[in-house]
1. Only one of these conditions is not met by Asn151: (1) of a type outside the set (Lys, Arg); (2) within 13 Å of the ligand (Cβ to nearest atom); (3) surrounded by fewer than 18 Cβ atoms within 10 Å (Cβ to Cβ); (4) under 26 Å from Phe79 (Cα atoms). Which number is it?
2. Listed residues Arg131, Arg107, Arg111; which is touching a Pro at 6+ places or on another chain (Cβ under 6 Å), part of a helix (DSSP H, G or I) and away from the ligand (no atom under 11 Å from the Cβ)?
3. Being surrounded by fewer than 21 Cβ atoms within 10 Å (Cβ to Cβ) and within 13 Å of the ligand (Cβ to nearest atom) is the filter; apply it to the range 51-72 and report the residue that is nearest to Ser101 (Cα to Cα).
4. Are any of the residues in the range 56-64 part of a helix (DSSP H, G or I) and among the hydrophobic types (A, V, I, L, M, F, W, C)?
5. Of the residues Leu190, Leu214, Leu201, which is at pLDDT below 95 and aliphatic (A, V, I, L, M)?
6. In the range 7-34, which residues are more than 16 Å from the ligand (Cβ to nearest atom), surrounded by 23 or more Cβ atoms within 10 Å (Cβ to Cβ) and not aliphatic (A, V, I, L, M)?
7. Does Gly180 qualify as being within 16 Å of the ligand (Cβ to nearest atom), over 23 Å from Asp87 (Cα atoms) and touching a residue at least 40 places away in the same chain (Cβ under 8 Å)?
Amino acid sequence: MKLFVYHTPEQTPSEQEPNCAIAVDVLRATSTMATVLAAGGEAVQVFSDLEKLIQVSEAWSTEHRLRAGERGGAKVPGFDLGNSPLDCTPELVSGKRLFISTTNGTRTLQRIENAQVVLTAALINRAAVVRYLINHQPDTVWIVGSGWEGNFSLEDTVCAGAIAHAVSQQMQTPIEKIAGNDEVISAIALYLQWQDNLLGLLHHASHGQRLLRLDGYEDLKYCSQTDILDVLPIQSEPGVLKAASRL
Ligand code: 3SL
């Protein structure tokens with residue numbers, strides 16, 4: 001297995017597809033997706049375009065769908081939800097499909113949707129993703145951060161490092177044997193530096209600061225936890241993610 005870390009969807013090579021691609025958007029899209037599927041959501045379907053989201057979701061009855069959308073961190077007017085994982089309680093989401101559009105996370109998923117296997121990861125479901133990699137041993141794995149509008153983000157990189165570190169430890173393989181690019185080494189270094197204070201790191205992150213200005217402290221706190229949800233979001237068709245146990 002070779003791991004590659006890309007900080008943004010734009011940095012991924014365009015003429016290749018990996019055996020397994022993992023979208024990461026710790027603040028907050030992939031944290032929300034893991035939370036919805038762990039809480040019994042039927043699926044999460046992602047869109048970059050709000051009009052398209054509305055049009056496709058019209059085919060679902062209102063009892064079976066939720067529309068979620070965020071632009072610049074704020075909820076899209078008229079939608080049921082923004083992008084806070086804390087709103088996704090079992091009472092609200094169980095049995096429903098979440099139709100969601102976010103600024104960066106959905107773009108990452110669209111970039112990697114043709115990989116053989118597509119997963120989503122956040123700190124909160126890191127262990128489930130690592131278990132999948134250890135059990136299935138895909139040859140090439142891309143861990144793709146969402147960043148913010150094309151730029152590096154601390155929170156996605158630290159999550160990539162948390163995944164790569166755990167894979168290396170559990171396979172008892174030195175990191176230089178499984179690292180496919182230098183970004184893997186630097187992501188692990190970031191994780192090792194901050195693993196005991198991930199909430200502190202999210203406070204330094206530019207998007208963490210943006211969310212704090214929008215009253216998002218509780219979201220930061222929730223998203224900074226490691227391995228609290230045993231759920232593996234996996235793509236069942238382009239743009240649709242389900243809990244692996246329900247496929
Ligand atoms: O950019 C995204 O995809 C979002 O996760 C951003 S936010 O945290 O909802 O503002």
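1. Just one mismatch for Asn151, condition (4).
2. Only one candidate passes the filter, namely Arg111.
3. Selected residue: Arg71.
4. Scanning the range 56-64 turns up at least one residue that is part of a helix (DSSP H, G or I) and among the hydrophobic types (A, V, I, L, M, F, W, C).
5. Among Leu190, Leu214, Leu201, only Leu214 is at pLDDT below 95 and aliphatic (A, V, I, L, M).
6. Those that are more than 16 Å from the ligand (Cβ to nearest atom), surrounded by 23 or more Cβ atoms within 10 Å (Cβ to Cβ) and not aliphatic (A, V, I, L, M): Pro18, Cys20.
7. No.
The values are calculated or read from the model by the stated rules, or taken from the named source; none is laboratory data. As the structure is a computational prediction, the values presented were derived from the model and not from experiment. Because the Cβ atoms are built from the backbone with ideal geometry, glycine has one as well, and the counts that use them run over all protein chains shown.
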